[in-house]
Structures are given as C-alpha cells and as structure tokens.
Amino acid sequence: MNVEQIRVWLDQYGPYGELLFFILIIVFAVIVQFIVQKITLKIAGKLIRRTKVKFDDYILHSKVFERISLLVPVFIVYNTRFIFTEWTGLFDKMFGILAALIIAGSLTRLLTGFSNYYVTLEIARTRPIKGYVQIVNLFIYLVAFIFIIAVVTGESPWELLAGLGALTAVLLLIFRDTILSFVASVQIASNDLVHVGDWIEMSKYGADGDVIDIALHTIKVQNWDKTITVIPTYKVIEESFKNWRGMTAAGGRRIKRAIFVDINSISFCSDEMLDKFEKIKLITEYVRGKRKELRAENVNSADDQEIVNRRRMTNVGTFRIYVEKYIKTHPRVHKEMTCMVRQLAPGPQGLPLEIYLFTNSVEWTVYESIQADIFDHILSVVPEFGLKVYQQPSGQDMSRIQFNPASK
C-alpha cells in the first residue's frame, strides 16, 4: 500500500480518518519503543555487565541508551509526515525540537556516566572534573536551545549566534556565577588547592570538615557534626580558608597546649629534692650532671650564705626538663618533627609551660586519646616537683574561707 492508496482510504472517513491514523501511528511507535527498551536494551545491559571493563557499566547506569532509544518513536512518527500533507511543516518543527532535546540529553547523560566512572579513579582526588563536565553540559543545552529557536523561527542558527553578540552584557549578568565558578574551578585544579577528602576550615561559612564534593557552582563540606555546608566555588578563591591536607600528608598532628604553674610554688631545689629527683629515671643523668656542674662553679662561693650569689637548680626548670624527656620518649609522639617544652611570659594565671609536639597519628580519635594521656600524666606529676597548677578559685574554694571578725 503506497501513500496515494493510504490517502484515498483516509478520505473515505472524512476528517476523523487522519486523526485515527495518527493515533494508530502513535500507538505503534509506543509499542516499538516498549520492545526496544524492555527486550533489546535488557539484552544489551546483560552483555555489558558481563564484560570485565567497568567503564561501560557506568555508561549503562547513566541511562544514556534509554534516552537515545527515544529517537525510535520520533523517527517512526516523522516518517509518516508525507501522509499528512497539511501538517508537514509542523512535523518538521516538532521533529527538530524533539531530536535536539533527545540528543542533548543523551550527550549529557554520557558525560555524566563518564564523570561517575572518573570519580572512582585515584586521580579524581587531586584532579576533579565534575565542574568541567557541568560546563560542557551547559554548553550542549545552550547549543540545543539555539537550534530549537532556529527550527521554530526558520532562521539560520549562525544568524542567531551572531545576534547573541548584542546580548553579551545580559549574558554576562545571567551567567555571572557560572563564569566565576568556572574560572575558580580552573584555578583550584591548576594550583591544587582543594581535593575531595581534604579537611578544610572556612569560618565565615561555618565550614569545618571534609570536602565531599567539588562541582561547578558549589563545594560541599561535611562538618564534624555531620551537617553539610555548601560554599560557592568562587568564594574559595576570594576568601581565605585553611586546608589540613599538609598535616595528613606529613603523618603528624600538632599538640600545642600550656599548663599554668602557680608562681608561688616556684623555688630553688634543696638537696633533699635533688636526691628525690635523681631517682626519677628520665632525669637521673640530667640531675647528676647538673649537680656536678653547679658544684664546680660554686666552689669559690661555698662559704657565701646568700643563695642569690650561687647557682641553684629550680623545681620548675627541672620539671620542664622532665616533661621534655617524657614527651620525646613517648611512643605516640612523632620523632622526626618538632618536640619541645617552653616557658611563655608569666601572666595573671601564673607561668605558662607550653608543650609543643606532633603525634604520629592524624586520626582524630587517636589524636585526642594521645593528647589526653600525655596531659593526664603531666598534671599528675606536677606535685612531685613541689609545684602547683594554677586554678582560679571556685565557689567551693570561697566557701572554705572563714570570716574572723577579730581581724578587723
């Protein structure tokens, strides 16, 4: 049956003939589409899953084949346009619009599948491409939009592109964030500023946690309280932020904390104190060597009763050496990084002794445990050196003070 015979058959049923035939064509196209998706694509999917290559699995999961298969019913309906002579122009425009949308959608799904596969690679941690994929997807839809306008208006796509030059200022305003984000993405990638998995701090946006996603417009940070902070990508370039990647790469996490010694408890060491200190294994050699050194220097002033005229060891100085020996021999302290104990300027809270070291683990829970163990020991051993840790008086301390009226 040729086209003329179909036309004669349709004319017998008047205006309802074309409508009935068009409905039959739509039904036929839907059936063919169902067969393609449920049978052909299922067979193709099983064959793809059996391959050892993982890339095609991600392409399959992106549903790019389902999107391309939509062209089948569109082509079926389009090839019947010669039967509906009065609708030929409408058929051409509808085919152009649908084909542009389907092809654009298929290409973006293909790129999304590739991006999902790329994320599984090790290089994706240092060279994310999600932002670039989103730019290409945006460009594909922009081209499809221009083509659709050209089909509807009947103008050449090149003439429409030339007309966009006059709208440059408007386009820059509309796509301002996109342009800024794209430039920022290039700078982030080229300067190796942020990776997925990095711990960053950006106090202005309340971000303090791991980067879980880097996209064109946003960077997602999962904070330690499991909340999600979304930062505009270009703000990472505009604002300052702290990246803890260097700490993770070095394999050591810093402890920098001071204990405050009550200045009233600081004194010279007596012979009894020094005899006691010599029994402490970590500083036995230090105390013996120091006592020998001081005896040699104080020979000429042995009969001098003034303490200030002779060199003496102090309990706070000996304690500082003990703490330094203790942290340097601690099994969880990083031996290749800075490790020291230093005095800071005295203040209203006493004399600060700052412990500065790096743990050999960067894991948060392990780090906190190491830090607690070190300071548990240091705070407990302070009284052994005749020292006291400064603490502001509490309400209970104030209640112990007895008021004596006779003292007025």
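The values are calculated or read from the model by the stated rules, or taken from the named source; none is laboratory data. Bear in mind that the values here come from a model prediction, so they are computed numbers and not experimental data. All Cβ positions, glycine included, derive from the backbone under ideal geometry; neighbour counts span all protein chains shown.
Here are a few things to note about the model shown:
- Residue in region 145-156 that is out of contact with any helix residue (DSSP H, G or I) (no Cβ under 7 Å at 6 or more places or on another chain), outside any helix (DSSP H, G or I) and free of Cβ contacts under 8 Å to residues at least 24 places away in the same chain present: yes
- Any hit, region 126-133, residues being within 30 Å of residue 192 (Cβ to Cβ), modelled with pLDDT under 80 and of a type in the set (S, T, N, Q): yes
- From the list 323, 308, the lone residue that is within 30 Å of residue 281 (Cα to Cα), hydrophobic (A, V, I, L, M, F, W, C) and either modelled with pLDDT of 95 or more or not in a helix (DSSP H, G or I) (or both) is 323.
- Any chance residue 128 is surrounded by 18 or more Cβ atoms within 10 Å (Cβ to Cβ) and either part of a helix (DSSP H, G or I) or free of Cβ contacts under 8 Å to residues at least 40 places away in the same chain (or both): no
- Residues in region 70-119 that are modelled with pLDDT of 80 or more and outside any helix (DSSP H, G or I): 70 alone.
- Within region 337-390, being in a helix (DSSP H, G or I) and more than 16 Å from residue 323 (Cβ to Cβ) holds for 364, 365, 366, 367, 368, 369.
- Hits in region 319-346 - residues which are farther than 23 Å from residue 252 by Cβ and free of Cβ contacts under 8 Å to residues at least 12 places away in the same chain: 345
- Any hit, region 249-270, residues being surrounded by fewer than 17 Cβ atoms within 10 Å (Cβ to Cβ) and within 18 Å of the chain's Cα centre (by Cα): yes
- Residue in region 203-214 that is touching a residue at least 60 places away in the same chain (Cβ under 8 Å), not assigned by TED's automatic domain parsing to the domain that holds residue 136 and not small (Gly, Ala, Ser) present: yes
- In the set 235, 220, only one residue is more than 30 Å from residue 354 (Cβ to Cβ), outside the structural domain of residue 323 (by TED's automatic domain parsing) and either without any contact (Cβ under 8 Å) to a residue 12 or more places away in the chain or not in a helix (DSSP H, G or I) (or both); that residue is 220.
- Residues that are surrounded by fewer than 18 Cβ atoms within 10 Å (Cβ to Cβ) and among the aromatic types (Phe, Trp, Tyr) were ranked within region 198-226; the one that is farthest from residue 179 (Cα to Cα) is 224.
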